[in-house]
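The structure under discussion appears below in the form of C-alpha cells.
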Amino acid sequence: MTSPAGERKELPIRRDDDVVRVRQLVRSYAQQAKLSLVDQTKLVTATSELARNTLTYGGGGVADVEIVADTRRRGVRASFIDEGPGIADVELAFTDGWTSGKGLGLGLSGARRLVDEFNLTTEVGRGTTVTVTKWGR
Amino acid sequence: MERVPILKIGDVLLVSIQVDLEDQSVVALQEDLAERISSTGAHGVVIDISAVEIVDSFIGRMFATIASISRLFDADTVVVGMRPAVAITLVELGLTLGEVRTALDLEKGLAVLRRLGADREVRIEVDEDDEPVQAFS
Ligand SMILES: Nc1ncnc2c1ncn2[C@@H]1O[C@H](COP(=O)(O)OP(=O)(O)O)[C@@H](O)[C@H]1O
Ligand SMILES: [Mg+2]
C-alpha cells in the first residue's frame, strides 16, 4: 500500500511553457523524495515526454504530481490526464519509433522503460490518463 | 520565449544551452542555427549541454537535425558536455543520436572540429586536382 506523503500539486498543460513547469515540479519533488540523480533524470525525462503528449495529442490537460511513500521508501508519482481523442491502438502506440505525428515515437515506450511503475488507460473519444511512479532506492 | 544566443568564434558557431528550454525555443534555435551556418559559412557548430539536466526526444531530435543541416553546408556539429545521468537516460529512452558527434568537453569538441576540418582540406585538394596522383608529388 502506498499513502500520500504530503506534497501534491496539479498543473495545467495548455502551452509549451507548462511542460517546462511540469519538469521543474517533478524535479523538485524527486529531490525531496531523495531519488538519486540518475533516477531524478530518468523520471523528469519520462514526464517531459508524457506532458508533451498530453499537449500535442491530448489537446491539453493536467499533470497531477505527488510524493508518495510506502513503509520502506518514498517516491514520486505523476499522472497526465487529458480528455482528448484517446488512443485507438495502444500496442502500436507503444512501438519504438511509431508516431502518428512528427515525433520520434519514443515517448510512450521510452517513458515506460524509465520508470518503476507505468499505467495507461485510454478510451477513444474520451481521453487518456498515464500514471508513472519512480521510487527511491 | 527564450532565445538562445549563438556566438561566432573564428569559423565555429558556439551555442551554450543554459536554461530549461520550451519546445518553441528549441525550434527557434534550430532555425537560427541553420540561418547562421549559411550566412557565416562557418565550418563547425558546437552545442554545449553541460548545463542541461535532461535531454528528451524533442531536444534530441534537434541535435540530429542540426547535424544534418550543417552537413548540407559543409559544416560539422559536435555536442559537448553531456552529463553522465543524461547519457544513461538517453540510452534507456532509446535515443541513439545517430550521427551526432559528441565530445567530453568544449576543448575536445574543438579538437574534433579541427580534425574534421583538416580532413576536409585534404579532400578539397584531392577533389580540385585533375590529376590527383601529382597532387602529392
Ligand atoms: N495523450 C495522448 N492522446 C492521444 N494519443 C496519444 C497520446 N499520447 C500518445 N499518443 C499516441 O501515441 C503515439 C506515440 O507516442 P510517443 O511514443 O510519445 O511518440 P511521438 O510523441 O513521437 O509521436 C503518438 O504519435 C500518438 O498517436
Ligand atoms: Mg511523444
With the first residue restricted to the range A:104-131 and required to be within 14 Å of another protein chain (Cβ to nearest Cβ), and the second required to be away from ligand 2 (no atom under 15 Å from the Cβ), Cβ contacts under 6 Å at 6 or more apart or on different chains are A:Arg113/B:Glu92; A:Leu114/A:Lys42; A:Leu114/B:Glu92; A:Val115/A:Lys134; A:Asp116/A:Thr133; A:Asp116/A:Lys134; A:Asp116/A:Trp135
Restricted to the range A:89-103 and to residues being touching a strand residue (DSSP E or B) at 6+ places or on another chain (Cβ under 9 Å) and within 12 Å of ligand 2 (Cβ to nearest atom), the residue nearest to the other protein chains (Cβ to nearest Cβ) is A:Phe94
All-but-one check, B:Leu95 against (1) open to solvent by 30 Å² or more (accessible area, probe 1.4 Å); (2) at the interface with chain A (Cβ under 10 Å from one of its Cβ atoms), failing number (1)
Across (1) among the aliphatic types (A, V, I, L, M); (2) within 13 Å of chain B (Cβ to nearest Cβ); (3) within 16 Å of ligand 1 (Cβ to nearest atom), A:Ala78 clears everything bar (2)
Counting only strands (runs of 3 or more DSSP E) wholly inside the range B:1-106, the ones holding at least 2 residues that are over 18 Å from A:Asp16 (Cα atoms), aliphatic (A, V, I, L, M) and at pLDDT 95 or above are B:6-9, B:12-16, B:44-48, B:76-80
Restricted to the range A:44-73 and to residues being open to solvent by less than 10 Å² (accessible area, probe 1.4 Å) and more than 14 Å from ligand 1 (Cβ to nearest atom), the residue farthest from the other protein chains (Cβ to nearest Cβ) is A:Val68
Out of (1) under 14 Å from the mean Cα position of the chain (by Cα); (2) open to solvent by less than 40 Å² (accessible area, probe 1.4 Å); (3) more than 9 Å from ligand 1 (Cβ to nearest atom), the one A:Ala111 does not meet is (3)
Restricting the range A:4-31 to residues that are assigned to a helix (DSSP H, G or I) and open to solvent by 50 Å² or more (accessible area, probe 1.4 Å), the one farthest from the other protein chains (Cβ to nearest Cβ) turns out to be A:Gln31
- Determine whether the range A:32-43 contains at least one residue that is facing chain B (nearest Cβ under 9 Å), without any contact (Cβ under 8 Å) to a residue 60 or more places away in the chain and buried (at least 20 other Cβ atoms within 10 Å of the Cβ). yes
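The values are calculated or read from the model by the stated rules, or taken from the named source; none is laboratory data. The structure presented is a predicted model; accordingly, all values stated were derived computationally and were not measured. Please note: Cβ atoms are built from the backbone with ideal geometry, for glycine as well, and neighbour counts cover all protein chains shown. Areas reflect the complete protein model, heavy atoms only, side chains present, ligands, DNA and RNA absent. Shrake-Rupley method; radii C 1.70, N 1.55, O 1.52, S 1.80 Å.
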